Amino acid sequence: MIFRRRHEEPTMTETADITDDDLNDLGDDTARQAQRVVAAFSEDAEDCRMLLDMLGIGPATDED
């Protein structure tokens, strides 16, 4: 007999609020590796730009 664990979404009371103090900056090497993986699996350039932006690892701009 196979038992499967039922997946349940966390409720609002079970999720933790993440503050900026809880976040760490990615190292340059880690960010570059992540960018390469995203680029390899993206459908096209626009898809790649969107995914990198969503992950916060897009190329640096003059505004940064």
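Readers should treat all values here as calculations from the given coordinates under stated rules, not as data from a laboratory. On a predicted model such as this, the values are computed, not experimentally measured, just so you know. Don't worry about glycine lacking a Cβ; one is built from the backbone with ideal geometry, like all the others, and counts go over all protein chains shown.
The modelled label-to-label distance for the pair Arg49/Asp22, using points 7 Å beyond Cα in the direction of Cβ, is 3.2 nm. With a sphere of radius 13 Å drawn around the Cβ of Ser42, what net charge do the other residues whose Cβ falls strictly inside it have (Lys, Arg +1; Asp, Glu -1)? Combined, the nearby Lys, Arg, Asp and Glu give -3.
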